[in-house]
Amino acid sequence: MIHLLKSSLFEGMLNIREKLGSFLVTLLMVSLSFMVFDIFLVVSWNVGAVLSDEQENVGIELFLREDVSEVEAVNLADLISAMEGVRSVYYVSPLEAEAVFRADLPEQADLLMLLGPQFHLPSSIQISLHPDYRTSEKVGGLARTVSGMDGVEDVVYGHEYLPGLTSAVDMLGKLVVLAGLVLAISLSLVVANTVRLAVAKRALTVKIMSIVGAPGWFVRMPFLGEGLVTGIAGSAGSLLLTGIISGILSSSIPHNFLPGKWILLVLLLGASAGAAGSWMGMRSGIPKPRS
Amino acid sequence: MLISFRNVSRFYSDWPALENIELTVALGEFLVLSGPSGAGKTTLFRLIWMGDLPTSGVVEVSGYRSDRIRTGDLPSLRRKLGIVFQDFRLLSDRTVFDNVALPLQVAGASPRAVRKRVFSLLAEMELNHRRLSYPHELSGGEQQRVAIARAMVAHPVILLADEPTGNLDPDVSKRVIELLLEINRAGTTVILATHDPKQIPAGTARYLYLDRGNLVNPTSWHGYGPL
């Protein structure tokens, strides 16, 4: 079996050596196509990171009526913390609210003095949510529920920007999947065509191998290997090129390159597109053992 | 019987390439199949190596039946056969050694075993000095000997030779026929398709004549050919 695998590998190398020129052209085509995808991924990754940061901050703030005592507020916070989707709650007393105001807006601290000592900022409860509950619909639902609770004056949860943010995150995810799918299909077709040409060029070899008793997989493996190598090397080449461009641009446009998981995903996509292309190319190219 | 054709017909569209063939070949036989172009000799060969299946009837080769064989069984059947073509069908990008070694390599033989067998066979065929040559550097006779070596390298039970002398001059043809007779004497069943059955010495083979897809009664022959 090992000798058979070695022979099959040798056949694959013969395939590539015989048409090195067209193999390199295909490799370049695959790399450049993947590069467009990689650049799109880098942009998506960075935009996605910004959107995720925004989404991380999504929460609900309840402003309480002035007549709600601290004990009542804490009881209310306990009640809310037991609700579905709530990760944590934090009670902000009027004094703490004032301290925060002074720290965040020092230039407007005079405003509090103008309003006089009898004025107090309202106490509030800050609700932090589980990641799954940071969507427009779920936050809205929870906000409606808590707004009806006794002692609640007002509810703030960013209802103006949250639907847009949620749909932007959704859209970005879908766009990445769609772009990956389109790229995988188009690259499969490129590889399929290359493999079909390779099979046509080696028609006699394929025929003779079949006649002398080569198993089907032995005949197909070199072509499958060629597709895999094209897909993996093409996607790796594109990552290298994109990495170089990313490095050059990083000083003028601060951004992050793709994380390891995404790099692996690009390589996997390349391998899958290559294997699928080989399969398509062989399906129409390699004659049946009885033909 | 090593090979049997039971009422075998093969039609391509409506054209009968072979009709109602009844044929048996025993182990160690030398069978000469003659007939004009288009008589069905190549179709008969294709049915033996099961590159094609009969439209009706059953072909049985070394225990493999055409009506039961699966695609996965074809490699093991074909490793029992050696096939020689009129146009040699050598792989132009490989040396003589690599061409001859191919059937052993696809069968998973170790490199050592491949080298031993190929060197020994090339020596027998007087081709050792040509082992590193490419097919286009060889004469027609040498190419056909390489093709025979490739067919014989895996010790086949049956050697099918489809017009092996069709592209060769008479002297070289004679040498190729002698080689086939030697192979047969060593125990391999040989089936030779030829336009010129007179090449085979009388009494060394069984003769069959195909005409428009039908086997003609051998009694209508005068030993070496049809009336």
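List of remarks:
- Overall form of segment A:1-108 per C-alpha gyration tensor (a/c, 1.5; a/b vs b/c): prolate
- Averaged over A:215-222, number of beta-carbon atoms from partner chains that fall within 10 Å: 2
- Residue (of B:3, B:208, B:17) at the positive-pole extreme of chain B, dipole from beta-carbon charges: B:3
- Ranked by the mean number of other Cβ atoms within 10 Å of their residues, highest first, the peptides A:126-133, A:65-72, B:77-84, A:19-26 come out as B:77-84, A:126-133, A:19-26, A:65-72.
- Computed 3J(HN,Hα) for segment B:154-165, one whole-Hz value per residue from the Karplus formula 6.51 cos²θ - 1.76 cosθ + 1.60 where θ = phi - 60°, is 9, 6, x, 7, 10, 10, 9, 10, 9, 6, x, 9, glycine and proline marked x.
- Ellipsoid equivalent to segment A:59-157 - semi-axes via the Cα gyration tensor, in Å: 26, 15, 11
- GluC sites (Glu not before Pro) restricted to DSSP loop in segment A:74-114 with at most 13 other C-beta within 10 Å: A:84
- The radius of gyration of the Cα set in segment B:93-151, together with its Dmax, comes out at 10.5, 31 angstrom.
- Order by protection proxy (mean Cβ within 10 Å, highest first), peptides B:61-73, A:40-52: A:40-52, B:61-73
- Cut-off under 5 Å, modelled amide H: who pairs with residue A:123 long-range: A:64
- The mean number of Cβ atoms from other chains found within 10 Å of a Cβ in peptide B:73-80 is 4, as a whole number.
- Too-long pairs where the Cα-Cα distance tops 19 Å, listed order kept, from A:207/B:116; A:207/B:80; B:41/B:198; A:201/B:41: A:207/B:116; A:201/B:41
- Other protein chain Cβ atoms within 10 Å, averaged over every residue that makes up B:41-49: 1
- Converting phi to 3J(HN,Hα) with the Karplus coefficients 6.51, -1.76 and 1.60 and the offset θ = phi - 60°, segment B:13-23 yields 6, 9, 7, x, 6, 9, 9, 6, 7, 10, 7 Hz in sequence order, with x at every glycine or proline.
- Rg(Cα) / (2.2 N^0.38 Å) computed for the protein assembly as shown, rounded to two decimals: 1.66
- Whole-angstrom gap from segment A:104-154 to segment B:22-69, using each part's C-alpha centre: 91 Å
- Of the peptides A:201-210, A:169-178, B:181-190, B:145-154, the order by per-residue mean of other Cβ atoms within 10 Å, starting with the highest, comes out as B:145-154, A:201-210, B:181-190, A:169-178.
- When you restrict to C-alpha pairs under 8 Å that are six or more residues apart and normalise by the size of chain A, the relative contact order lands at 29 percent.
- The 3J(HN,Hα) values that the Karplus relation (6.51, -1.76, 1.60; θ = phi - 60°) gives for segment A:68-82 are, in residue order, 7, 6, 5, 5, 5, 5, 5, 4, 4, 4, 4, 4, 5, 5, 7 Hz. Gly and Pro appear as x.
Just so you know, all these numbers are worked out from the coordinates, no wet-lab data involved. Being a predicted model, the structure only gives us computed values, none of them experimental. All Cβ positions, glycine included, derive from the backbone under ideal geometry; neighbour counts span all protein chains shown.
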